[in-house]
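Please treat every number below as a calculation from the coordinates, not as lab data. Keep in mind that this is a model prediction, so the values were computed, not measured. Please note: Cβ atoms are built from the backbone with ideal geometry, for glycine as well, and neighbour counts cover all protein chains shown.
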Amino acid sequence: MSHGVRVRDIVDELECEVAAGSGQLDNKVAFGYSSDLLSDVMAGAGQGDVWVTVQIHQNIVAVGALTGLSAIIVAGGAGPAHDTVIKADDEGIPLLTTSKPSFEVVGILYRMGIRGRVRE
Amino acid sequence: MRLEYHVSGRDFQAAGGAAAKTKRALRQIGIDAETARRVGIVAYEAEMNIVIHAYRGTVGIDILPERVIIYADDEGPGISDIALAMQVGYSTASEDIREMGFGAGLGLPNMKRYSDELKVTSQVGSGTSIRAVINLPAKEGS
């Protein structure tokens with residue numbers, strides 16, 4: 001985790017929208033995780049990770065809060081539901097949205113030095 | 001110390017709240033981050049099972065000196081084949097639930113993976129009870 005990337009750097013690099021949690025853009029990013037199955041994210045992601053998903057409903061924020069994510073990136077152009085944005089602001093989790101598909105987003109994050117969290 | 005939360009079936013708005021409060025409480029009383037993470041995952045899956053499958057239920061957390069015990073008791077349709085439900089990828093969740101990223105057949109397997117003991121009992125047409133034990137790491141000097 002020597003890449004030193006903060007959520008703000010991701011916003012700049014992806015040129016994405018900040019839908020919520022704009023006060024937490026200095027969060028440090030640990031690892032990256034990409035999945036659309038919530039239980040998989042619960043088990044696989046960890047403290048400080050950035051999560052890339054196409055899910056837009058408010059339960060992504062519950063997963064983010066429980067996992068201690070640094071940010072959630074909603075890829076593929078679907079805007080997050082209104083109550084998702086409100087909940088993310090309440091929980092103080094940056095919610096970023098981009099029209100780029102998940103694969104592109106992950107590729108850009110990897111190029112920035114962010115790696116996947118590998119659990120045994 | 002015991003925590004107890006009521007969980008309503010199909011209430012996706014509050015879903016995850018019990019697990020989040022549990023994890024926060026554990027951290028506040030000084031439980032280590034990895035144990036709190038494991039309890040959080042098990043409590044989350046227990047809570048989501050009630051939201052997705054049952055009418056209503058309770059998630060209880062007993063915090064003891066050497067272990068944390070997570071109870072989930074629901075009124076719901078029950079599980080007819082528990083061994084099958086424990087298999088990764090098996091789920092009876094509906095299509096709309098799956099589209100939300102739930103019902104991937106990972107819930108009970110996650111609970112088993114992150115607990116030291118897991119017991120699932122169920123009566124079809126009545127409900128399901130789950131008891132998961134997570135041992136606390138031995139404290140230094142004890």
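Per-structure values
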| read-out | value |
| --- | --- |
| Too-long pairs where the Cα-Cα distance tops 26 Å, listed order kept, from A:Lys87/B:Lys21; B:Lys23/B:Lys139; B:Lys23/B:Lys112; A:Lys87/B:Lys139; A:Lys28/B:Lys112 | A:Lys87/B:Lys139; A:Lys28/B:Lys112 |
| Positive-end residue of B:Gly40, B:Ser94, B:Ile29, charge dipole of the range B:2-135 with Cβ unit charges | B:Ile29 |
| For chain B, calculated [θ]222 nm from helices alone, where every DSSP H run of n ≥ 4 adds -39500 (n - 2.57) | -10500 deg cm²/dmol |
| Label-point separation in nm, B:Asp62 to A:Ala78, each point 7 Å along Cα→Cβ | 4.1 nm |
| Relative contact order of chain A, defined on C-alpha pairs under 8 angstrom at six or more residues apart (%) | 32 percent |
| Structure-based [θ]222 nm, chain A - -39500 (n - 2.57) summed over DSSP H runs of at least 4, per residue, nearest 500 | -10500 deg cm²/dmol |
| Neighbour-count order for B:Lys119, B:Lys112, fewest beta carbons within 10 angstrom listed first | B:Lys119, B:Lys112 |
| Share, in percent, of DSSP beta bridges within chain A that are antiparallel, nearest 5 | 25 percent |
| Positive minus negative residues near A:Thr84 (Lys, Arg vs Asp, Glu; Cβ under 12 Å) | -3 |
| Given charges at Cβ of Lys, Arg, Asp, Glu: chain A dipole, positive-most of A:Ser34, A:Gly48, A:Val118 | A:Val118 |
| Net charge, B:Val124 excluded, C-beta distance under 14 Å - Lys, Arg +1, Asp, Glu -1 | -3 |
| Summed residue charge, Cβ within 13 Å of B:Thr58's Cβ, Lys/Arg positive, Asp/Glu negative | -3 |
| Part-to-part distance (alpha-carbon centres) for the range B:109-142 and the range B:8-82, which is given in Å | 10 Å |
| The protein assembly as shown: antiparallel DSSP beta bridges as a percent of all, rounded to 5 | 75 percent |
| Sparsely packed trypsin sites (Lys or Arg not before Pro) within the range B:6-57, loop by DSSP, other Cβ within 10 Å at most 15 | B:Arg10 |
